[in-house]
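Engineer: Structure provided below as structure tokens; questions to follow.
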Amino acid sequence: MIHINIGSNLNSKYGTKFDNISIAINLLIGTKLKIKKISNFYETPSYPNKRLPKFANLGVIAEYDLDHTNLIKEISIIEKKIGRVKSKKNDPRVCDIDIIDFKGEIRATRLLNLPHPRSHTRNFVLYPIKEIDPNWIHPIFKKNVDLLINELTQKSRIEITRLRKSVII
């Protein structure tokens with residue numbers, strides 16, 4: 001299985017941050033990616049500058065018959081189509097699509113690190129995974145998602161909100 005996280009904290013020509021994520025999902029469906037489950041939306045403060053707009057994120061479980069290099073190319077095209085402009089780290093963005101886990105592969109290349117190198121420390125990655133794949137185990141640390149969530153700081157565990165809102169497909 002493949003875990004993908006999609007986030008946004010800016011409006012685009014397509015609408016709100018929620019619209020951006022919905023469009024990203026629909027564009028992913030148009031690729032060879034077979035989406036199996038989608039989490040609800042989660043909202044978190046922007047990091048490290050909490051004065052910036054809050055982020056909306058969700059998680060996706062999918063299957064993909066091609067390799068990770070093909071998927072990362074498709075993701076890059078989708079981000080650009082929605083209006084993403086690469087900027088400084090942690091800047092607001094209309095669309096951010098990250099591959100969190102690609103079939104349990106462990107690798108580091110110029111284009112992609114698998115699993116995502118900070119996935120185990122991010123509430124907006126772990127909580128959606130817990131919702132859609134509660135038995136997921138981190139490929140490197142060999143810890144399940146519940147244990148990883150328990151290792152988050154208390155602040156990180158309380159500053160995330162599961163919204164009663166799902167993606168529109």
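The values are calculated or read from the model by the stated rules, or taken from the named source; none is laboratory data. It should be emphasised that the depicted structure is a prediction, and the values quoted were computed from it without experimental measurement. Reconstructed Cβ throughout: ideal geometry from the backbone, glycine too, with neighbour counts over all protein chains shown.
Engineer: Only residues in the range 66-87 that are in contact (Cβ under 8 Å) with a residue 12 or more places away in the chain count as the first member; pair them with residues that are surrounded by fewer than 20 Cβ atoms within 10 Å (Cβ to Cβ) and among the β-branched types (Val, Ile, Thr), Cβ under 6 angstrom, at least 6 apart or cross-chain, and list the lot.
Structural biologist: Between residues of the range 66-87 that are in contact (Cβ under 8 Å) with a residue 12 or more places away in the chain and residues that are surrounded by fewer than 20 Cβ atoms within 10 Å (Cβ to Cβ) and among the β-branched types (Val, Ile, Thr), the close pairs are Glu74/Thr31.
Engineer: A further question follows. Find all pairs meeting these conditions: Cβ atoms under 6 angstrom apart; at least six residues apart or on different chains; first residue within the range 15-44 and closer than 13 Å to Val167 by Cβ; second residue among the basic types (Lys, Arg).
Structural biologist: Asn40/Arg162; Phe41/Lys165; Tyr42/Arg162
Engineer: Further, regarding this structure: Mind listing just one residue for me: the one in the range 50-78 that is more than 18 Å from Ile38 (Cα to Cα) and touching a strand residue (DSSP E or B) at 6+ places or on another chain (Cβ under 6 Å) and, of those, surrounded by the fewest Cβ atoms within 10 Å (Cβ to Cβ)?
Structural biologist: The residue in question is Lys54.
Engineer: Here's a follow-up. Taking the options Lys81, Lys89, Lys36, Lys50, name whichever one is more than 17 Å from Val125 (Cβ to Cβ), out of contact with any Lys or Arg (no Cβ under 9 Å at 6 or more places or on another chain) and part of a loop (DSSP other than H, G, I, E, B).
Structural biologist: On the way: Lys81 fails: part of a loop (DSSP other than H, G, I, E, B); Lys89 fails: more than 17 Å from Val125 (Cβ to Cβ); Lys36 fails: part of a loop (DSSP other than H, G, I, E, B).
That would be Lys50, the only listed residue that is more than 17 Å from Val125 (Cβ to Cβ), out of contact with any Lys or Arg (no Cβ under 9 Å at 6 or more places or on another chain) and part of a loop (DSSP other than H, G, I, E, B).
Engineer: Right, here's the next one. Which numbered condition in (1) over 23 Å from Ser22 (Cα atoms); (2) not in a helix (DSSP H, G or I) is the only one that Leu147 fails?
Structural biologist: Leu147 satisfies all of (1) over 23 Å from Ser22 (Cα atoms); (2) not in a helix (DSSP H, G or I) except (2).
Engineer: OK, next. Here's a check for you: in the range 87-120, which residue that is hydrophobic (A, V, I, L, M, F, W, C) and surrounded by 13 or more Cβ atoms within 10 Å (Cβ to Cβ) is modelled with the lowest pLDDT?
Structural biologist: Leu112
Engineer: To continue, here is another question. Could you grab the pairs with beta carbons closer than 6 Å, sequence gap of 6+ or different chains, first residue in the range 103-132 and closer than 21 Å to Leu163 by Cα and touching a residue at least 24 places away in the same chain (Cβ under 8 Å), second one of a type in the set (Gly, Ala, Ser) and surrounded by fewer than 21 Cβ atoms within 10 Å (Cβ to Cβ)?
Structural biologist: As it stands, the answer is Asn123/Ser156, since those pairs meet every condition given.
Engineer: Take Lys143 and decide whether it is without any contact (Cβ under 8 Å) to a residue 60 or more places away in the chain and among the charged types (D, E, K, R).
Structural biologist: Criteria met by Lys143.
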